[in-house]
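Structure first, then comments.
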Amino acid sequence: MSTPDERPSPVDVPLIQIGAPAGGGCGDDCGCAEEAYECGLDPALATLLAEAGLDPVQVEDIAHLAIEEDLDGGVDVTSVATVPQDAVATGDFTAREAGTVAGLRVAEAILSIVCTSEFEVERHVEDGDRVEAGQKLLSVTAGTRDLLTGERSALNILCRLSGIATATRAWADLLEGTRAKVRDTRKTTPGLRALEKYAVRCGGGVNHRMSLSDAALVKDNHVVAAGGVAEAFKAVRERFPDIPIEVEVDTLHQVREVLDAGADLILLDNFTPAETEEAVTIVAGRAMLESSGRLMLDNARAYAETGVDYLAVGALTHSSPILDIGLDLREVES
């Protein structure tokens, strides 16, 4: 298990809502938009989510969306037919393989909107912890029908986020001792960006921009449209003087151009380690450098040791395999 120092600490990141009604993400049947009803996630759980840099309203919206998709306007016909209405059970979320866990509080949120009566939680580990195969992560006591109805939705998110955290941890461990940090991209699942980027933080990585509006990234198509890399940078700086600007370059000549123009961060696209080392020498600390393209675990250390600040790895969010986690039920004696 990881120590508290290894876990992700609260961070200052934008809280991104996904179209929730004012006052909460409680669904169409909730009256909170019309009257001052108390509703939504448990306040203690909402606080934990917010401290992790997640918007509780957004998490609640995602939870409703996942459950509503699974029920499709009906009921869980298998559970209703086979499980007595008053049955209660404890479900243990258990790691089937070693990895780094992320999304436990999100899984709680999903189950909490399904479990309509009894709902008790025992937390065995925290997001960002390294876990072993067979280790219990979270135990939830609730109505058996409710647990079975929410099981797959909770596991889908938990396995997905833990897979991202596990993959990120492999990169972070490999880069330890260098100045370089592994960083994600915007290659995320629609609607799940905030959660997937949270999982990157749980794995020891850092986040790139959260959206198109909080930072600029001048890429090759912008350069073509503007008539040159330096021209593109200057156009963004004039129009949006207060935002950070990163510029993608693919030659050492362009490195010099954008450095002279005043770029905050330079993205070295498909540079070799030798070219990257030369770019670090040219920049000499006057801007931050990020390597992108050609990056794999077996060459990451070579890039990191050139002195760059970041390694951009889109695969963290678009290609990480899930971490295998299961839910095992134990009947609760009356």
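Some points to look at:
- Within region 46-61, if we keep just the residues that are assigned to a loop (DSSP other than H, G, I, E, B) and touching an Asp or Glu at 6+ places or on another chain (Cβ under 8 Å), the residue that is surrounded by the most Cβ atoms within 10 Å (Cβ to Cβ) turns out to be Ala52.
- Total residues in region 175-184 satisfying the condition of being surrounded by 19 or more Cβ atoms within 10 Å (Cβ to Cβ) and either touching a strand residue (DSSP E or B) at 6+ places or on another chain (Cβ under 6 Å) or of a type in the set (A, V, I, L, M) (or both): the figure is 4.
- Among residues of region 118-135, those that are touching a Cys at 6+ places or on another chain (Cβ under 6 Å) and on the phi < 0 side of the Ramachandran plot, counted: 1
- Strands (runs of 3 or more DSSP E) fully within region 62-181 counting 2 or more residues that are of a type in the set (Val, Ile, Thr): 88-95, 136-143
- Candidates are the residues of region 251-307 that are modelled with pLDDT of 95 or more and acidic (Asp, Glu); the one that is farthest from Lys187 (Cα to Cα) is Glu278.
- Filter result (farther than 29 Å from Glu257 by Cβ and either surrounded by 17 or more Cβ atoms within 10 Å (Cβ to Cβ) or in contact with a helix residue (DSSP H, G or I) (Cβ under 8 Å, 6 or more places away or on another chain) (or both)) within region 293-318: Leu297, Arg301, Ala315, Leu316, Thr317
- Any chance Lys219 is of a type outside the set (Gly, Ala, Ser), closer than 28 Å to Asp250 by Cα and modelled with pLDDT under 95: yes
- Pairs where the first residue, in region 239-253, is closer than 17 Å to Ala279 by Cβ and the second is among the basic types (Lys, Arg), C-beta under 6 Å, 6+ apart: Glu248/Lys219
- Residue match in region 131-149 (condition: surrounded by fewer than 24 Cβ atoms within 10 Å (Cβ to Cβ), under 22 Å from Gly53 (Cβ atoms) and within 18 Å of the chain's Cα centre (by Cα)): no
- The residues listed here are Glu257, Glu290, Glu275; of these, the one that is more than 24 Å from Arg160 (Cα to Cα), surrounded by 15 or more Cβ atoms within 10 Å (Cβ to Cβ), within 24 Å of the chain's Cα centre (by Cα) and of a type in the set (Asp, Glu) is Glu290.
The values are calculated or read from the model by the stated rules, or taken from the named source; none is laboratory data. Note that this is a predicted model, so its numbers are computed, not measured. So basically every Cβ, Gly included, is an ideal-geometry build from the backbone, and we count neighbours across all protein chains shown.
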